[in-house]
Amino acid sequence: MEAAFVQQGDCISSSFRLWNHRPTSLVVSRVSILVRNKHRNARFSNMCSASNSDTLVAGRIQEEKKKSSNVVSKKEDEYGDLKSWMHKNGLPPCKVVLKDKPSHNAKHSPIHYVAASEDLQAGDVAFSVPNSLVVTLERVLGNETVAELLTTNKLSELACLALYLMYEKKQGKKSFWYPYIRELDRQRGRGQLAVESPLLWSQAELNYLTGSPTKAEVLERAEGIKREYNELDTVWFMAGSLFQQYPYDIPTEAFSYEIFKQAFVAVQSCVVHLQKVSLARRFALVPLGPPLLSYRSNCKAMLTAVDDAVQLVVDRPYKAGEPIVVWCGPQPNSKLLINYGFVDEDNSHDRLVLQAALSTEDPQYQEKRMAAQRNGKLSLQTFHVYAGKERDAVLDMLPYLRLGYVSDASEMQSVLSSQGPICPVSPCMERAVLDQLVDFFNRRLAGYPTTLAEDETLLAERNLDPKKRVATQLVRLEKRILSACLQATVDLIDLLPDHSVSPCPAPYVPILK
């Protein structure tokens, strides 16, 4: 599962203009163009060696070369911590404090998190961040540009916010957002619950997810990020406010794909979806929000837009010093891992997605498709199997699968003339349908390199690699769902009146995946 930047309309706020005296005219002499191209090519050729200074999330090599934490302490003494910077720039008194938690990796800085500074009761306002310290597309691009940008379907809100942050990081200490960007670099896209998103894992680390559909989702998401990176230059020219502030920094020349992906993942880990606001404000980066706040599936507290601020009203009592949590939305654990780098064992929204499809080679395909549509199903139907409701999911799949097994024309006419999702089947057809489900669930479970018992043993290890731990937590939960589906199907077979009946052969069985 799963930051704040200010720039309004076609101009930047006055504070930005103090340190961005860049020409905006596109009419320049041939000499200046040649000089600019020369500098641009030089910058591009040196991009790999200089890129770490431009990344939103510091690279591993740079971070490992950092000197002792005393350097970080000196910087924080000079600029103040994130909360102090926010108070200096309009954050009213609040009831939270930033605390440290050791990182999983001793080479990395401790992780900051938001904790209660005093005892809180449900309904208390923990903090209220003014809009001047919240970054949205409205501030970054301006309303008209946002409308034009979003209708192109080429770049997501996350990509736009990541691009803006990368440009701001190039400003270094001159940037108004320097303390916030520094905090994001410290977090490295991690919440205090777990690790980086799998989007930043190595191929060997991704193999921890072998057998899980999440692995394919990660690769698909990475391809999507790559497509967005390839569109950055087009959007940069379209976005007047970005172009005016950074006229000589073409995105794909200023930032490599790896840098952009790191920034994208960092923004993804902390962006907040605000409700009941305009399209240009719905995705927001709030400095005291995630990843400094922990996401929890069973929490009801949300960051909400009120008047000219974004506030958090807690949903439970807290003792002073306890970390504060917020709701992450109805996301399954696969999305929580990809978006935020953690898995929630108590996630009531956790689910697996199964697909069933009618055979297009079936001569009665069109009739079956109509029968399925009449009962709210498609020729390619998705079934959501929620944790704890596996038997319900199996019962929901059965009528659709039975339809696929119908082969006799007269039986098909009976189906078309009947009402409701129940398809009359013979005992041998019912056994065939259930056997197909048993085989499917067994194959899915066999696709994992480890068993449930082996996962339990692995998770009992105290020094297990954090990425392997969170991946194992995910696949263990998936296996539990699949095992419960298998058991529910076996139980239905046991209820059949005659176990000696052989399954009916069917020439065009439905496809399961």
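Residue by residue, the range 345-355 carries 3J(HN,Hα) couplings of 5, 9, 7, 6, 9, 5, 7, 10, 9, 10, 10 Hz when phi is fed to the Karplus relation 6.51 cos²θ - 1.76 cosθ + 1.60 (θ = phi - 60°); x denotes Gly or Pro.
A protection proxy built from the mean count of other Cβ atoms within 10 Å ranks the segments 323-329, 226-232, most packed first, as 323-329, 226-232. Across the range 422-513, the mean sequence separation of Cα contacts (distance under 8 Å, 6 or more residues apart), normalised by length, yields a relative contact order of 54 percent. A dipole drawn for the range 225-279 from +1 and -1 charges on Cβ atoms has a positive end, and of VAL272, THR234, PRO247 the residue lying farthest that way is VAL272.
Only four residue types carry charge here, +1 at the Cβ of Lys and Arg and -1 at the Cβ of Asp and Glu. Report the dipole size of the range 294-379 about the Cα centre in Debye, rounded to the nearest 20. Can you show the working numbers first?
Working: 10 positive and 11 negative charges, 51 e Å.
The calculated dipole for the range 294-379 is roughly 240 debye.
Every number in this text was worked out from the coordinates using simple rules, so none of it is lab data. None of the values given here were measured: they were computed from a predicted structure. Note that each Cβ is placed from the backbone with ideal geometry, even for glycine, and that neighbours are counted across all protein chains shown.
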